[in-house]
Amino acid sequence: MDRITYKKIVFLSLLIFFVYPAYSQVGIYSDTPDISTALDINSPSSSNNKGLLIPQMNTVQKTSIINPAHSLLVYDTDKNCISQNLGSELAPQWTCLTLFNRGFLYMPSINIPTVTLGSSTIDLFAVYKSQFATPEFASEGAPTSVPQFANATDLYYYVTYHNPSRITISGITANGVMSYTTIKKANYDDYINIVFVVK
């Protein structure tokens with residue numbers, strides 16, 4: 001092998017060594033994009049008529065990301081929301097940013113029978129899914145269903161008011177199943193206030 005051929009092989013080897021990692025991530029206005037990103041944008045585009053389409057994945061795929069960067073964004077197709085890691089790389093905390101998923105929502109109106117006294121359960125999440133999936137009426141041009149969470153564990157469940165002389169609450173599982181005991185038949189003005197809080 002002559003000296004020129006040897007130099008060409010060394011040059012090509014070095015070129016491949018330095019160029020190959022550049023295809024792992026894409027950086028715009030960044031020479032060193034974060035390793036957990038597919039695209040790292042450090043400066044806004046000068047264009048005012050273009051949008052950004054971020055990676056779309058289900059919840060399992062999202063939570064399988066190794067060491068996700070703080071503030072990493074993906075679109076969660078299970079939760080129908082833009083999801084952001086508000087935690088650290090070692091302790092991720094994914095949170096939905098889409099408006100309808102933020103904060104809390106009230107449980108749809110439900111009837112808890114009190115004719116038969118004693119212990120019982122009610123699946124709060126199942127009632128919520130049923131009413132949101134098939135509302136009785138919608139305004140003109142509105143979708144036929146209300147956006148809803150895919151999994152019962154996407155929410156926290158609270159009872160903020162009830163009449164303990166009529167019904168006692170034993171507890172609520174992480175899946176939204178409430179256990180209760182009916183003590184007396186309810187009056188017309190008895191009610192329970194149930195709130196769902198987004199995790």
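Bear in mind these aren't lab numbers, they're just calculated from the coordinates by the rules spelled out. Source: prediction; values computed, not measured. Neighbour counts are summed over all protein chains in view; Cβ atoms, including those assigned to glycine, are modelled from backbone coordinates with ideal geometry.
Once fully extended, how much extra length lies between Ser71 and Phe104, figured as 0.36 nm per residue of separation less the alpha-carbon to alpha-carbon distance?
Working: separation 33, 0.36 × 33 = 11.88 nm, distance 2.19 nm.
Here the answer is 9.7 nm.
On full extension of the chain, what length is gained from Gln25 through Tyr188, given 0.36 nm per residue of separation minus the C-alpha to C-alpha distance? Before the final figure, lay out the partial values.
Working: separation 163, 0.36 × 163 = 58.68 nm, distance 6.22 nm.
Going from the current span to full extension adds 52.5 nm.
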If the chain between Thr63 and Thr134 were fully stretched, how many nm would it gain, using 0.36 nm times the residue separation less the Cα-Cα distance? 22.5 nm
Inter-probe distance in nm under a simple model that places probes 7 Å from Cα toward Cβ, at Thr32 and Ser119: 6.0
